[in-house]
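Novice: Okay, handing you the structure first.
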Amino acid sequence: MMFTRRNKEIFLVLASLLLATGCQSRYQPIETSAAQLSGPLGLPAESENAVRDGGVQTGNTDEASLALRPQENTGGPLGSLSAAESDPAGGEAEPSPAETEPTTPAAPEFSAADETVYVTGDAVNVRASWSTSGDVVATLNKGASVKRTGFSEEWSRVIYQEKERYIASRYLSAEAPETQAAVRPAAAEGEVRLDPNWKYAEFSKINSGAAMLYKADGANRKGITVCVNAGHGTKGGSSVKTLCHPDGTPKVTGGSTAAGATTATAVSAGMTFADGTAEPKVTLALALKLKAKLLAAGYDVLMIRESDDVQLDNIARTVIANNAADCHIALHWDSTTNNKGAFYMSVPGNSSYRGMEPVKSHWQQHNALGESLIGGLKKAGVKIFSGGAMEMDLTQTSYSTVPSVDIELGDKASDHSDGTLETLADGLLAGINAYFGQ
């Protein structure tokens, strides 16, 4: 029969009524804007291809192709949607909490423990919380020991510097590992000279002298070597220049050498105290006291200088420490005159400096050692300057591959009597113990 215009209008009305009274499609409508329609089926071309290939694509399944799939019959008429899928009031379905709220990792369930464990890697982070986003409060080297009070598969709860901290469990063991000092060929007791084959040795200009290695002989020997560097004390050192950085870039901070310089004094002569005493004599006196205390505590000690003169510039001292010790502590007093207190030279926050090797791989260790030393001095009653740290671009730091610190124990106006040096040595020992978890 032929449809007139009137007949067509009646047919369309009847069809609309029929659909409104219960005839529902087994397919859900595709909600998309007109701008997204491009294929002949009124679908995005990519979705159309998915349907043409037999249904849903594997891998990157798009929402449009899923929308064309028949809905599972949930018991309602003609496969109507369940309550979880459709709002009875006719609005959009309410999303579940998992879809709207970010999930927070559950706290680990720690099994109780009371044991000494050992760090099995180098530069292992000690964190304030059990997460890789937790603040790093220190880094520990292979062989360092800590008390563990709890553990899970991923994290261990430990006591570090009398506070509850966290270390990844995979870097801890109940058995002490063999440390670098125990296998280092250059660490034979006696003289240690600069080996020209050692990394960065070629940058040294004064290196005919020798450091001395002493080993603890008691049952408490730890197998950890501390380099004690009595600052200054190299005749002719102030007339020789060496590169500030191994890559030849300029200094990023001022100091005894101005920022922007590419060379610095090989070894400066040091300052003179208010009472006329030369700084190198006082640094040596403290170094000898610290040596005795370290040996008694079970540490091996690498002494850079034990006399008024040693022909080793700052680079030679640093490279020897890199290859014969587990940390490097240089003793100094500042050139100011206000009895300011002790502080350590921290690694500058300059991104280019911290991105330069070997600083890049070790700056966190340097700062962690400095913080530990300041903590030990503070407990011993030593006056601390400001926050205990001052950023400084040093030759020593720029060439160090072991935890390394220049620590300033006061200034020209500070007391440097025998009793004060004993107190300083006790504080430094406490800091070293804290750093190595002893």
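The values are calculated or read from the model by the stated rules, or taken from the named source; none is laboratory data. Quantities reported herein were computed from a predicted structural model and do not represent experimental measurements. We place every Cβ from the backbone using ideal geometry, glycine too, and count neighbours over all the protein chains shown.
Novice: Would you mention how many residues in the stretch 189-231 are within 15 Å of H328 (Cα to Cα) and in contact with a Gly (Cβ under 8 Å, 6 or more places away or on another chain)?
Specialist: The number of residues fulfilling the criteria is 4.
Novice: Here's another thing I want to ask about it. Starting from residues that are of a type in the set (A, V, I, L, M, F, W, C) and more than 18 Å from P280 (Cα to Cα), keep the ones in the stretch 325-342 and report whichever is nearest to the chain's Cα centre (by Cα). Before you say what the answer is, go through the steps one by one.
Specialist: Within the stretch 325-342, the subset of a type in the set (A, V, I, L, M, F, W, C) is 325, 327, 329-331, 333, 342.
Next, from what is left, pick out any that are more than 18 Å from P280 (Cα to Cα): 325, 327.
On the way: A325: 21, C327: 17 Å.
Here the residue is C327.
Novice: In addition: The conditions are (1) at positive phi; (2) assigned to a helix (DSSP H, G or I), and G419 fails exactly one of them. Which is it?
Specialist: Going through (1) at positive phi; (2) assigned to a helix (DSSP H, G or I) one by one, G419 breaks only (1).
Novice: I would also like to ask the following. Residue check: is G223 assigned to a loop (DSSP other than H, G, I, E, B) and at pLDDT below 95?
Specialist: On the way: assigned to a loop (DSSP other than H, G, I, E, B): yes; at pLDDT below 95: yes.
Yes; evaluated as a whole, the condition is true for this residue.
Novice: Of the residues that sit in the stretch 243-276 and are in a loop (DSSP other than H, G, I, E, B) and in contact with a strand residue (DSSP E or B) (Cβ under 7 Å, 6 or more places away or on another chain), which one is farthest from L331 (Cα to Cα)?
Specialist: Our first condition is that a residue be in a loop (DSSP other than H, G, I, E, B); within the stretch 243-276, this holds for 244-262, 266-271, 273-276.
If we keep only those that are in contact with a strand residue (DSSP E or B) (Cβ under 7 Å, 6 or more places away or on another chain) too, we end up with 244, 253, 256-257, 262, 266, 270.
Numbers: C244: 19, T253: 20, S256: 16, T257: 18, T262: 24, A266: 16, G270: 11 Å.
The qualifying residue farthest from L331 (Cα to Cα) is T262.
Novice: Another question, if that's okay. I need every pair where a residue in the stretch 300-324 that is within 14 Å of V240 (Cβ to Cβ) has its Cβ under 8 Å from the Cβ of a residue that is aromatic (F, W, Y), sequence separation at least 6 or different chains.
Specialist: Close Cβ pairs satisfying both conditions: I315/Y200; I315/F203; I315/Y399.
Novice: Tell me, please, whether a residue that is of a type outside the set (A, V, I, L, M, F, W, C), modelled with pLDDT under 95 and farther than 29 Å from P246 by Cβ can be found in the stretch 184-206.
Specialist: yes
Novice: Using the structure shown, decide if A296 is of a type in the set (G, A, S) and in contact with a Cys (Cβ under 9 Å, 6 or more places away or on another chain).
Specialist: Numbers: of a type in the set (G, A, S): yes; in contact with a Cys (Cβ under 9 Å, 6 or more places away or on another chain): no.
The answer is no for A296.
Novice: With under 28 Å from the mean Cα position of the chain (by Cα), in contact (Cβ under 8 Å) with a residue 24 or more places away in the chain and within 20 Å of K340 (Cα to Cα) as the only criterion, which of L429, L394, L409 stands out? Spell out the reasoning first.
Specialist: Working: L429 fails: within 20 Å of K340 (Cα to Cα); L394 fails: within 20 Å of K340 (Cα to Cα).
Every option except L409 fails the conditions.
Novice: Same structure, new question: Of all the strands (runs of 3 or more DSSP E) wholly in the stretch 86-151, which have at least 2 residues that are over 17 Å from R170 (Cβ atoms), polar (S, T, N, Q) and modelled with pLDDT of 85 or more? Show your work before the answer.
Specialist: On the way: elements: 111-119, 124-127, 136-140, 145-151.
In the stretch 86-151, there are no strands (runs of 3 or more DSSP E) which contain 2 or more residues that are over 17 Å from R170 (Cβ atoms), polar (S, T, N, Q) and modelled with pLDDT of 85 or more.
Novice: Same structure again: Of everything in the stretch 390-416, what is part of a loop (DSSP other than H, G, I, E, B), over 14 Å from A321 (Cβ atoms) and either touching a Pro at 6+ places or on another chain (Cβ under 7 Å) or of a type in the set (A, V, I, L, M) (or both)? Give them in sequence order. So that I can check it myself, show each step before the final result.
Specialist: Kept after step one, since they are part of a loop (DSSP other than H, G, I, E, B), are these residues of the stretch 390-416: 392-394, 400-403, 409-416.
Then drop every residue that is not over 14 Å from A321 (Cβ atoms), which leaves 392-393, 409-416.
Once the filter is applied, which keeps residues that are part of a loop (DSSP other than H, G, I, E, B), over 14 Å from A321 (Cβ atoms) and either touching a Pro at 6+ places or on another chain (Cβ under 7 Å) or of a type in the set (A, V, I, L, M) (or both), the stretch 390-416 yields M392, D393, L409, A413.
Novice: Looking only at the stretch 353-389, filter to residues that are among the hydroxyl-bearing types (S, T, Y) and in a helix (DSSP H, G or I); which one of those is nearest to E408 (Cα to Cα)?
Specialist: So, considering only residues that are among the hydroxyl-bearing types (S, T, Y) and in a helix (DSSP H, G or I), the one nearest to E408 (Cα to Cα) is S372.
Novice: Ok, one more. Quick check, is A413 aliphatic (A, V, I, L, M), closer than 23 Å to K281 by Cα, surrounded by fewer than 24 Cβ atoms within 10 Å (Cβ to Cβ) and modelled with pLDDT of 95 or more? Don't jump to the end; show me each part of the working.
Specialist: Working: aliphatic (A, V, I, L, M): yes; closer than 23 Å to K281 by Cα: yes; surrounded by fewer than 24 Cβ atoms within 10 Å (Cβ to Cβ): yes; modelled with pLDDT of 95 or more: yes.
Here the answer is yes, as A413 does meet what is asked.
Novice: Select from the stretch 277-305 the residues that are in a loop (DSSP other than H, G, I, E, B), in contact with a Leu (Cβ under 7 Å, 6 or more places away or on another chain) and closer than 14 Å to C227 by Cα and list them in ascending order. Steps first, please.
Specialist: Filtering the stretch 277-305 for residues in a loop (DSSP other than H, G, I, E, B) gives 277, 297-299, 304-305.
Cutting the leftovers down to in contact with a Leu (Cβ under 7 Å, 6 or more places away or on another chain) gives us 297, 304-305.
Within the stretch 277-305, I304, R305 meet the criteria.
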